[in-house]
Amino acid sequence: MARRLARGARLVLASHNPGKLREIEALVAPHGVSVISAGALGLPEPEEPAPDFAGNARIKALAAAVASGLPALADDSGFCVAALNGAPGVVSARWAGPGKDFRVAMERVQREMGAATDRAAWFVSALCLAWPDGHAEVFEGRVDGTCVWPPRGGQGFGYDPMFVPDGETQTYGELSPAFKQATSHRARAFAQLLAECLD
């Protein structure tokens, strides 16, 4: 049985990303939960040495929960390509370099795929909700699709312009943000978290 967050609870988002904070606030507000970011609390960002998304989300959530004394939520997500044995995967952000230039990252994906005929790709999001006593719940969402080249569209972020989700003809870079937010890997993980942990 999952542990639930009561109405009126405060939640720490284990992220320094203001865009992610706005997204989480909007999702939990109807459940009477308020959110503050780890950045606003001055919490450091921990190392993420785990080999999978769930492990890294757990590390970030537990670090923020223990440091703040409040429940904490962390997201770890990435882009995976079948022809690259699931790479870039957990190091998706690192492929963009210190300047977080995802044009560079997308070019690397295309270069490393070479003449591969298997264009299957997927996005994964692992969400971990953790408490200061060490209890943690992890929820994973995944969206499958196809890797395309050249990248298309200026919506979204990261690898979105080179990913067409199954059943669509446009990339996440061309589809509306509202469509992506309702159907994405993160949305699928959130649906599970909302059902299990929020009143």
Ordering 87-93, 149-155, 106-112 by per-residue average of other C-beta atoms within 10 angstrom, highest first, gives 87-93, 106-112, 149-155
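How large, in Å, is segment 54-199 by the Kirkwood hydrodynamic radius built from its alpha-carbon pairs?
Working: mean 1/r = 0.0625 Å⁻¹.
Averaging 1/r across every pair of different Cα atoms and inverting gives 16.0 Å.
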Between Arg3 and Trp149, the two model label points (7 Å from Cα along the beta-carbon direction) sit apart by a distance in nm of 4.6
With x for Gly and Pro, the residue-by-residue ³J(HN,Hα) of segment 152-160, computed from phi through the Karplus equation 6.51 cos²θ - 1.76 cosθ + 1.60 at θ = phi - 60° and given in whole Hz, is 9, x, x, 7, x, 7, x, 8, 3
Here the FRET efficiency for Asp199 versus Glu45, based on Cβ atoms and R0 = 22 Å and rounded to 0.05, is 0.15
Pseudo-spin-label distance Ala187 to Ala116, built 7 Å along Cα→Cβ, given in nm, is 2.7
Residue-ordered couplings for segment 54-60, obtained by feeding phi - 60° into the Karplus form 6.51 cos²θ - 1.76 cosθ + 1.60 and rounding to whole Hz (Gly and Pro as x), are 4, x, 5, 4, 4, 4, 5
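Taking a ≥ b ≥ c as the square roots of the Cα gyration tensor eigenvalues, with a/c under 1.5 meaning rounded and otherwise prolate when a/b beats b/c, else oblate, which class fits segment 1-62? Write out the running numbers ahead of the final one.
On the way: a/c = 2.06, a/b = 1.37, b/c = 1.51.
Oblate is the answer for segment 1-62, as a/c is 1.5 or above yet b/c matches or exceeds a/b.
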Once phi for every residue in segment 11-23 is put through the Karplus expression 6.51 cos²θ - 1.76 cosθ + 1.60 (θ = phi - 60°), the whole-Hz ³J(HN,Hα) values, with Gly and Pro written as x, are 10, 8, 8, 7, 7, 10, 8, x, x, 5, 4, 4, 5
Treating every alpha carbon of segment 1-129 as one equal point scatterer without solvent, the Debye formula yields log10 I(q)/I(0) values at q = 0.12, 0.19, 0.21 Å⁻¹ of -0.54, -1.06, -1.20
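Bear in mind these aren't lab numbers, they're just calculated from the coordinates by the rules spelled out. Bear in mind the structure is a predicted one, so any value in this text is a computation, not a measurement. Heads up, the Cβs are rebuilt from the backbone with ideal geometry, glycines too, and the neighbour counts pull from every protein chain shown.
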